[in-house]
Every structure is written in C-alpha cells, then in structure tokens.
Amino acid sequence: MPSLSRRLRLAIGASLFAGFTISPVAQAQAYPAKPVRMLTQFIPGSSGDTLVRIFAQPLSELMGQTVIVENQAGAGGVVAAQQVARSAPDGYTLMAGTSATQVIRRFMSRTMPFDPVKDFTPISQLIQSVTTIVVAPSLPVKNLKELIDYARANPGKIAYGTSGVGSEHHLSGEQIAQLTGAQMVHIPYKGSLQALLDVAGDRLPMAFSILSVALPQVKTGKVKLIAVVRETRSERIPDVPALPEAVAGFEPPPSWTGLLGPANLPAAILSRISADTIRALNRQDTRQKLDAQGLDVVGSTPEEFALLIRRQTDLVARIVKGAGIQPTE
C-alpha cells in the first residue's frame, strides 16, 4: 500500500494534471488544427459538386486549414450521410447534404440507416434552388391562375412532369392539387431535364424545372414560364409570380443544400464553423459564382436551419399523407 507521502504526491500530481486538461473553450480556440473533410453525395463535375467546391474555397481561407471535398456518391446520399453520422463530433468531418436526404428520404424509404435529426448537427443552409413551372406554348393558359382554372375545368387532362416520385417537384404538384382541387396527372421522369424537353416538344403540357435549366427554352419561346416555386418572387425573374400568389397556403417543399456535422458538435466549434460559413457565403466573389450557377445564397444560423428542417419535415409529412404517396424503396 502506498505510504502517506506517496499518496499525497499522487494526489498533487493528479490535481496538477487536471489543471492542464484542455477545456472545451481552449479546444475551440485551437480549432481547426488540421484539414477538414467535407463529404458530399454529388458526383465529381456535377452542378452540386461545383457549388460545394465554390463554397469550400473561401471557407478554407477563413478557417486557415484546407477544406477537402470528398465525393461519396451512392444510395441517394446515404453513403455520405452514414459516414458523417458515425464520425467523431470534433468538427473535422462535415457534410454538404441535401433536403432530399435529410428531409424527404424518411418518407420515401422503408428503412433509414440513420436518423436525419438525432444523428446530425445543422450548421447552415447554404443555397436554395430556384424551381419554376413551365407549360407548353400550345396550352391555352397565360398564367398560373388560368392553369389552375383549366385543370379544374378539365380533370385529368393536365399532366405534369417531375424528377421523380417523392421529389420536391412532385410534392409541389401534389400540394397544388390538395389546396386547389385541381386534378392533375403526375408523370415521373428519371430527371427533370427530359420532362422539360417534352414540354418544349409539345409532348407534355407542364413540368417543374430548375430555373437555370429552363431559361434557354424560355428565351427561345419553346416553353412558357408561369410561376416560381418559392414564398416570394425571385429577383432573377421579378415579373414571374410566386406560387402562393395564386395558391393560398402553398409552402415550397424543401430544395436546398446545407452544411451539417455529426450530432453533439460542441457549441464553441459549431459557433466557429457557423460564423466562417456565413462569412464565406457573404463574400462578393462567392455570391457572384453561385449566382452564375442560378442559385440563391442563404447562409442561415444553426438555429434557423434546424427550425427550417423541422418545419419542412412536417410539411412533407402532410403532403405525403394527403396524396397517399408510398415509399419507393
């Protein structure tokens, strides 16, 4: 058994060691001390990959460490999300995730290998996609109100194309039907581009399309742009009405890319990443590059982003239940 003097020395040594233990504040002040990984579900060279890399560059400069973008495509974002969910909450593994994975997937999949809420720390909504409604020139409508009136008067004659069952485009169409009573037929495509081209070719009456993709067809007169799917009008196309102007109670389904970390990210580290993220997004050169991609820059706080995710999860739940949409996988 240790002598009294030895026990005293051990006690003193332990107290001194405890005094030198790195506090959470000190850890945050030292963060980041090495490169940060940012996982993404986007394939290299895609538009999503481009926006993540545009954002990662100024973030690296502000953090003083390289932010390494790692493409982990697969299973609709599940591969990247699982890796981040299982990572240590130290701020060195982040994810540029999408609303499709973090909000919509829970309603379209019978099994979830992660909890979109409990397994992640929301940091910031980065961008918002600008979605539009386009119709064929031969359709006898000039605006959204006339489109809805036409659909009501001709039940089942308006077919609309989307990027797939359960997509934000599909959810928009179902919500319009639920709020107005217009009976429209959903035609799911593997991608929204083909739906747009079918509208341009007068093979489909209506489609939902990302603005940057639709604009070339709009400018040549091959499709008519009649609404933007957002709460208010877009500064890019201020003459085009927002959906709620014609459909009371309409809420845009989620269509964003955001920054998230593993659950239980320390508050001080979360604050540092959040501040640098907002600063990176507000840089003029960053905004110009993202604007050129047809994207609306957001840059929300962690609290705002968490509230958005909860609100949109409730919205999607209501739409899915009302439309009777079943899981596709």
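The values are calculated or read from the model by the stated rules, or taken from the named source; none is laboratory data. Small disclaimer: the values here were computed from a predicted structure and weren't measured. Cβ placement follows ideal geometry from the backbone for every residue including glycine, while neighbour counts extend to all protein chains displayed.
At a glance:
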{"quantity": "Filter result for the condition that a residue is basic (Lys, Arg) and in contact with a Phe, Trp or Tyr (Cβ under 9 Å, 6 or more places away or on another chain), over ARG105, ARG152, ARG110, ARG86", "calculated": "ARG86"}
{"quantity": "Failed condition for ILE158, given (1) hydrophobic (A, V, I, L, M, F, W, C); (2) touching a Leu at 6+ places or on another chain (Cβ under 8 Å); (3) surrounded by fewer than 20 Cβ atoms within 10 Å (Cβ to Cβ); (4) more than 20 Å from LEU211 (Cα to Cα)", "calculated": "(3)"}
{"quantity": "Lone qualifier among GLY258, GLY299, GLY201, GLY294 - being within 29 Å of THR162 (Cα to Cα) and outside the structural domain of ASP314 (by TED's automatic domain parsing)", "calculated": "GLY201"}
{"quantity": "Qualifying residue in region 124-136 (condition: under 19 Å from SER255 (Cα atoms) and not in a strand (DSSP E or B))", "calculated": "yes"}
{"quantity": "Conditions (1) surrounded by fewer than 19 Cβ atoms within 10 Å (Cβ to Cβ); (2) assigned to a loop (DSSP other than H, G, I, E, B); (3) at pLDDT 95 or above: number failed by PHE250", "calculated": "(1)"}
{"quantity": "Filter pass, SER234 being touching a residue at least 12 places away in the same chain (Cβ under 8 Å), out of contact with any Pro (no Cβ under 9 Å at 6 or more places or on another chain), polar (S, T, N, Q) and part of a loop (DSSP other than H, G, I, E, B)", "calculated": "yes"}
{"quantity": "Index of the failed condition, ASP285 passing every other in (1) touching a strand residue (DSSP E or B) at 6+ places or on another chain (Cβ under 7 Å); (2) in a helix (DSSP H, G or I); (3) farther than 30 Å from VAL134 by Cβ", "calculated": "(1)"}
{"quantity": "Total residues in region 291-316, condition closer than 23 Å to THR131 by Cα, in a helix (DSSP H, G or I) and at pLDDT 95 or above", "calculated": "13"}
{"quantity": "Filter result (of a type outside the set (Val, Ile, Thr) and surrounded by 19 or more Cβ atoms within 10 Å (Cβ to Cβ)) within region 257-278", "calculated": "GLY258, LEU259, LEU260, GLY261, PRO262, LEU265, LEU270, SER274, ASP276"}
{"quantity": "Odd one out for ILE176, checked against (1) in a loop (DSSP other than H, G, I, E, B); (2) touching a residue at least 40 places away in the same chain (Cβ under 8 Å)", "calculated": "(1)"}
{"quantity": "Count of residues meeting criterion [modelled with pLDDT of 95 or more and within 21 Å of the chain's Cα centre (by Cα)] in region 190-213", "calculated": "3"}
{"quantity": "Restricting region 43-61 to residues that are touching a Ser or Thr at 6+ places or on another chain (Cβ under 6 Å) and not aliphatic (A, V, I, L, M), the residue that is farthest from LEU290 (Cα to Cα)", "calculated": "SER60"}
{"quantity": "2 or more residues more than 20 Å from the chain's Cα centre (by Cα), surrounded by 16 or more Cβ atoms within 10 Å (Cβ to Cβ) and at pLDDT 95 or above: qualifying strands (runs of 3 or more DSSP E) within region 1-117", "calculated": "none"}
{"quantity": "Test result for ILE319, assigned to a helix (DSSP H, G or I), in contact (Cβ under 8 Å) with a residue 12 or more places away in the chain and in contact with a helix residue (DSSP H, G or I) (Cβ under 6 Å, 6 or more places away or on another chain)", "calculated": "yes"}
{"quantity": "Region 45-58 residues that are β-branched (Val, Ile, Thr), paired with ones that are surrounded by fewer than 17 Cβ atoms within 10 Å (Cβ to Cβ) and not in a helix (DSSP H, G or I) (beta carbon under 7 Å, 6 or more apart)", "calculated": "THR50/GLN293"}
